[in-house]
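Asks: The structure that follows is given in the form of structure tokens.
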Amino acid sequence: MLQNLIDVILPVFLVIGAGYAATLLGYFKEVHVDGLMKFTQGFAIPCLLFLAIAHLDLSASFDPRLLASFYTAAALCFTAGLFGARLIFRREWEDCVAIGFCCLFSNSVLLGLPITERAYGPGNLSGNYAIIAFHAPFCYAVGITVMEVVRNRGNGGTLMVRSVLTAMFRNALILGIALGFVVNLSGVGVPSVVDEALGLITRAALPGALFALGGVLVKYRPEGDLRTIAYVCAISLMLHPSLMWLFGTSADLPQDLFRSGVLNAAMAPGFNAYIFANMYGRAKRVAASSVLVGTAVSILSVWFWLTVLG
């Protein structure tokens with residue numbers, strides 16, 4: 001089982017390592033990393049999310065108990081990250097929101113899908129897809145709303161609401177997801193030529209984002225933030241799946257949905273944690289390092305949860 005996890009996670013590390021090495025050796029400059037980040041964050045990943053939602057069967061094994069269990073646990077982890085960063089590490093409120101987002105956003109696509117498939121087979125992924133369908137909209141809605149409330153405190157309720165809505169609808173990721181839902185629910189298919197073109201772009205999204213993350217890590221090293229990074233990893237890898245286990249058991253979830261929920265909750269912080277921090281320019285070193293360190297540590301923590309799940 002441990003070898004299977006290494007086979008899934010190691011390729012991710014190799015891509016991140018390639019970006020790190022290329023930037024460290026000077027082959028990739030900071031401006032190149034920023035350009036690649038702009039492409040993946042503002043264009044390729046929104047296209048990926050659009051296609052994924054547009055083609056997703058939203059009715060397949062949709063269970064409100066699964067979503068309630070998973071996202072209640074996620075919201076509590078966001079709260080723990082937010083106030084822990086403030087009370088324990090004395091960070092500024094804007095940094096606290098970004099750190100809370102790291103605790104909220106688990107890597108349900110890059111890690112959750114392949115690990116669940118390897119562990120239980122491709123026929124047991126319906127719970128994963130249900131979570132993924134609402135993952136980014138929920139997490140970004142929570143993160144952006146709280147960040148805009150913090151940034152606009154004292155400016156009045158109307159201005160605050162306007163800032164939240166503006167930030168939401170200027171976010172390319174949210175727009176990609178929203179358009180995907182419009183296409184999916186309307187029943188209007190994506191023309192094949194457009195679908196093929198978008199498919200070509202989306203193939204560059206995840207490896208490009210991981211490569212860029214490696215380049216970013218050259219600049220944002222974990223020195224000085226190790227305790228905060230360890231705190232984020234503990235919440236993401238242990239508290240989130242523990243809460244999901246508690247809520248899922250109380251809700252009497254079917255076994256396949258329960259396993260999908262716990263495993264997705266046990267994933268390391270996703271790359272979107274850095275995207276969010278980069279979007280606001282807050283706690284970027286913590287976010288980037290938490291993604292890398294959390295993914296490394298998850299080799300053992302996910303093995304633990306798989307053993308517990310049987």
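The values are calculated or read from the model by the stated rules, or taken from the named source; none is laboratory data. Just so we're clear, the structure is a prediction, and the values are computed from it rather than from any experiment. Every residue, glycine as well, gets a Cβ built from its backbone with ideal geometry; the counts of neighbours run over all protein chains shown. We work out accessible area using only protein heavy atoms, side chains counted, and drop any ligands, DNA or RNA first. Shrake-Rupley method; radii C 1.70, N 1.55, O 1.52, S 1.80 Å.
Asks: Viscosity 1.002 mPa s, temperature 20 °C: give me the Stokes-Einstein translational D for the stretch 174-310 in µm²/s, with Rh taken as the Kirkwood radius over C-alpha pairs.
Replies: 123
Asks: Continuing with this model, one more query. Students often check this: by mean Cβ neighbours within 10 Å, which of 102-111, 246-255 ranks highest, and how do the rest follow?
Replies: Most protected by this proxy first, the peptides run 102-111, 246-255.
Asks: Here is a further query. At a threshold of 8 angstrom on Cα-Cα distance, excluding pairs fewer than six apart, so keeping six or more, what relative contact order does the chain reach in percent?
Replies: 33
Asks: Sort 236-244, 120-128, 22-30, 47-55 for me by packing, meaning the mean count of neighbouring Cβ atoms within 10 Å per residue, highest on top.
Replies: 236-244, 47-55, 120-128, 22-30
Asks: Related question: Just grab the label-to-label distance for F43 and D63, each label 7 Å out from Cα along the Cβ direction, in nm (one decimal).
Replies: 4.1
Asks: Moving on. Given the options A287, F13, G127, identify the residue whose Cα lies farthest towards the positive end of the charge dipole of the chain (+1 on Cβ of Lys, Arg; -1 on Cβ of Asp, Glu).
Replies: Comparing the listed Cα positions along the dipole, A287 ranks first.
Asks: Sequence-distant or interchain residues sharing an amide H contact under 5 Å with S106, placed H: which?
Replies: Counting only residues 5 or more places away or on other chains, the set is G270.
Asks: Could you give the size of the charge dipole of the stretch 46-147 about its Cα centre, using +1 on the Cβ of each K and R and -1 on the Cβ of each D and E, expressed in debye and rounded to the nearest 20?
Replies: Here the stretch 46-147 has a charge dipole of around 220 debye.
Asks: Shifting gears a bit: So, with +1 on the Cβ of K and R and -1 on the Cβ of D and E, and no other charges, what is the size of the charge dipole of the chain about its Cα centre, to the nearest 20 debye?
Replies: Dipole magnitude for the chain comes out near 880 debye.
Asks: So for the pair W93, V182, with labels modelled 7 Å out along Cα→Cβ, what separation do we get in nm?
Replies: Label-label distance for W93 and V182, simple model: 3.4 nm.
Asks: Suppose all protein chains stay in the model; what accessible area per residue would a 1.4 Å probe give for the chain, in Å²?
Replies: 44
Asks: Using the Cα atoms of the chain to build a convex hull, what is its mean projected area in square nanometres?
Replies: Mean orientational projected area (the chain, Cα hull): 16.4 nm².
Asks: Keeping the other protein chains in place, figure out the carbon and sulfur percent of the accessible area of the chain, with a 1.4 Å probe.
Replies: For the chain, the apolar C and S fraction of the accessible surface comes to 66 percent.
Asks: For W303 and H32, FRET efficiency with R0 = 41 Å and r from the beta-carbon atoms, rounded to 0.05?
Replies: 0.70
Asks: In whole percent, what relative contact order does the stretch 183-296 give with Cα contacts below 8 Å and a gap of six or more residues?
Replies: So the answer I get is 32 percent.
Asks: Leaving out same-chain residues fewer than 8 places away, which lysines sit with a Cα under 17 Å from that of K284?
Replies: Answer for K284, where 17 Å is the Cα cut-off: K38, K219, listed by chain and number.
Asks: Next up: For the stretch 1-145, what's the radius of gyration and Dmax over Cα atoms, in angstrom?
Replies: For the stretch 1-145, the Cα-based Rg and Dmax read 17.8, 50 Å.
Asks: Determine the gain in length on full extension of the stretch A21-E117; use 0.36 nm per residue of separation and subtract their C-alpha separation, reporting nm with one decimal.
Replies: 31.5 nm
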